[in-house]
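Worksheet: one structure, shown below.
What follows draws every value from the coordinates through simple rules; no lab data is involved. The structure presented is a predicted model; accordingly, all values stated were derived computationally and were not measured. Here the Cβ positions follow ideal geometry from the backbone for every residue, glycine too, while neighbour counts run over all protein chains shown.
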Amino acid sequence: MTVKFKLPDGTEKELMPFLELYIVHDYLLKAKRGLAIVLFAQNEETGKYDIPYPFVTKSFGEFIGMKNSAYIDLNNCPFAVDLLEQGFAEDTGLTKHSGRCIYPLWTFKEEFLKEIGAKNYKIYSDEFDHYMKDAFGDEDEEF
């Protein structure tokens, strides 16, 4: 799946997002996985999407208790807003401040995450659901 982005210079570029996983920690310092969305451009010579672009997401090393959510690095990837405009994500209205930068927290559509990295999404989703079930004890509720 490729996504069209409008770059800061005004040109449009098709980039391929991939779902990777960060190592993050909960409040007890237990290692968990968090969402990392990376972008790649197509290599004209090989046809493969292997030219790295900035990460869409920013990890602060902390577990985010809102499923399918990640902080967005608009400082290095200002064109990430195209993911909102194309309906792949929703802005939660929450932010994290670091230095002079503000990172919005977005929730990504499950279908989008599965499409850009089904294997990694399953690992993340299963671990998240298991963690929340252990923390809050409701077997029938999905988080």
Name the lysines eligible as straight-distance cross-link partners of Lys32: C-alpha to C-alpha under 18 Å, and not fewer than 8 places from it in the same chain.
Lys58, Lys67, Lys119, Lys122, Lys133
Within segment 66-143, which GluC sites (Glu not before Pro) sit in a loop by DSSP and count at most 14 neighbouring Cβ atoms inside 10 Å?
Glu139, Glu141, Glu142
Taking Lys and Arg as +1 and Asp and Glu as -1, residues besides Ala36 with C-beta under 11 Å from its C-beta add up to 0
Identified option (computed volume of the Cα convex hull per residue in Å³; candidates (i) 155; (ii) 122; (iii) 100)
(ii)
Degrees, to the nearest 10: 110-136 long Cα axis against longest axis of the chain
20
